[in-house]
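The values are calculated or read from the model by the stated rules, or taken from the named source; none is laboratory data. Computed from a prediction, not measured in an experiment: that's the story for all the values here. For neighbour counting, all protein chains shown are included, and Cβ atoms are generated from backbone atoms with ideal geometry for every residue, glycine included.
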Amino acid sequence: MTAPGLLMVAAVAVLYSTGFYLLLQRSLMRVVFGIVILGHAANLSLMLTDRAITLPPLLTGKEGAISDPLPQAMALTAIVITFGVTTFLLALAYRVWLGDANDEVPADLEDRRIGRLSEPEDQS
């Protein structure tokens, strides 16, 4: 049984952290890129966690360990879901950009209220 290389595990960690960082930005295009990167990280982590990739296919006729098709099916489902969410977010970002030629999400009233609470009061 072989464990995934440390380099591949580090690559998954970097992809997840970069995706989450981009997902928390106010620009809608950065959010879209974050979703795409998170989708790639999920697919890579699915492939890394199962050693069935190196086993022979399901119908070999030989006795012994055979491949499990579940990780490949889950990866294919994750690819399709990521594609659908990416398409929706691109359409949403384009629609917002048509409105004011800016894809920046403005701060809402609650953000402004919290920002005012964190500012020091002027005591003069």
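Details
- Residue within region 29-39 that is of a type in the set (G, A, S), at pLDDT below 80 and either out of contact with any Cys (no Cβ under 7 Å at 6 or more places or on another chain) or under 23 Å from V80 (Cα atoms) (or both) present: no
- Check on L92, outside any loop (DSSP other than H, G, I, E, B), surrounded by 11 or more Cβ atoms within 10 Å (Cβ to Cβ), at pLDDT 75 or above and not hydroxyl-bearing (S, T, Y): yes
- Odd one out for P69, checked against (1) at pLDDT 75 or above; (2) more than 15 Å from R26 (Cα to Cα); (3) not acidic (D, E): (1)
- Residues that are among the acidic types (D, E) and surrounded by 10 or more Cβ atoms within 10 Å (Cβ to Cβ), drawn from region 95-110: D103, E104
- Only one entry of T54, T77, T49, T60 meets the criterion of being modelled with pLDDT of 80 or more and polar (S, T, N, Q), and that entry is T77.
- Among residues of region 79-99 that are closer than 18 Å to L23 by Cβ and touching a residue at least 12 places away in the same chain (Cβ under 8 Å), those with a beta-carbon under 8 Å from a residue that is surrounded by 12 or more Cβ atoms within 10 Å (Cβ to Cβ) and of a type in the set (D, E) at least six positions away or on a different chain give the pairs A93/D103; V96/D103.
- Applying the condition of being free of Cβ contacts under 8 Å to residues at least 12 places away in the same chain and part of a helix (DSSP H, G or I) to region 1-32 and asking which residue is farthest from D100 (Cα to Cα) yields L6.
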